[in-house]
Amino acid sequence: MKLLLDFIPLLLFFGAYKLWGIYAGTAVLMGATAVQMAVIYAIDKKLSTMHKATLSLILIFGALTLVLQDERFIKWKPTVLYAAMALALAVALWGYGKNFLKAMLGAQIALPDFAWHRLTIAWVAYCLFMAALNGYVAAYFSTDAWAEFKLWGYVFPLAFIVAQGFYVARHITEPPAASPGAHE
């Protein structure tokens, strides 16, 4: 359900782009993402840091695109987002010895520390790959090709999520048992 919810703004952007162009597509993306985040907030009663960052960047880069009538801003937004994610994960892991993925997901998934470490490295590599790939397409291809890439390029995150699921499934451990006499 949430994966579908993540895909809806992209589909609406692509449809509006095909019908009315990049600026209408950008406005639709901004509105659809705001609605998407409102729905997520209504369901979860909170927005993750990733959701907040995504919404902020879409609104900022979208506004710059519309106000300045320069499509480069919206085309480079994914590169900035992915690069920032990679940087945050890498600095936390190697600079501060903190694992953001474990901090965010450790309550839901029990994994050994080495698995969290490898998973974080995989996320850093994936984000750098996606930042570079989007940057390359944004810089060297037409806006039409970039829009097509945004739609069909969704296969990359889907493949990464599936591969990550297989990796996590191999390493999942039982959560620690509650101590005797503990009440829930």
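So the values come out like this:
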item	result
Selection status of residue 46, part of a loop (DSSP other than H, G, I, E, B) and basic (Lys, Arg)	yes
Any hit, segment 81-95, residues being exposed (fewer than 14 other Cβ atoms within 10 Å of the Cβ) and under 24 Å from residue 29 (Cβ atoms)	no
Scope segment 137-162; condition among the hydroxyl-bearing types (Ser, Thr, Tyr) and in contact (Cβ under 8 Å) with a residue 12 or more places away in the chain; matching residues	143, 154
Long-range neighbours under 7 Å by Cβ, at least six apart or interchain, first residue closer than 15 Å to residue 99 by Cα and in contact (Cβ under 8 Å) with a residue 60 or more places away in the chain within segment 110-136, second assigned to a helix (DSSP H, G or I) and not acidic (Asp, Glu)	111/168; 111/171; 112/171
Those residues of segment 96-109 which are free of Cβ contacts under 8 Å to residues at least 12 places away in the same chain and open to solvent by 50 Å² or more (accessible area, probe 1.4 Å), in sequence order	96, 97, 98, 103, 105, 107, 108
Selected residue (criterion: farthest from residue 78 (Cα to Cα)) from residues of segment 1-14 that are open to solvent by 30 Å² or more (accessible area, probe 1.4 Å) and out of contact with any Leu (no Cβ under 9 Å at 6 or more places or on another chain)	1
Matching residues in segment 1-31 - criterion: being closer than 22 Å to residue 138 by Cα and of a type in the set (A, V, I, L, M)	8, 10, 11, 12, 16, 19, 22, 24, 27, 28, 29, 30
Matching residues in segment 123-140 - criterion: being within 15 Å of residue 163 (Cα to Cα), open to solvent by 10 Å² or more (accessible area, probe 1.4 Å) and either outside any helix (DSSP H, G or I) or not aliphatic (A, V, I, L, M) (or both)	123, 126
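The values are calculated or read from the model by the stated rules, or taken from the named source; none is laboratory data. Being a predicted model, the structure only gives us computed values, none of them experimental. Counting neighbours? That spans all protein chains shown, and the Cβs are built from the backbone with ideal geometry, glycine included. Just the protein is used for accessible areas: all its heavy atoms, side chains included, with ligands, DNA and RNA removed. Shrake-Rupley method; radii C 1.70, N 1.55, O 1.52, S 1.80 Å.
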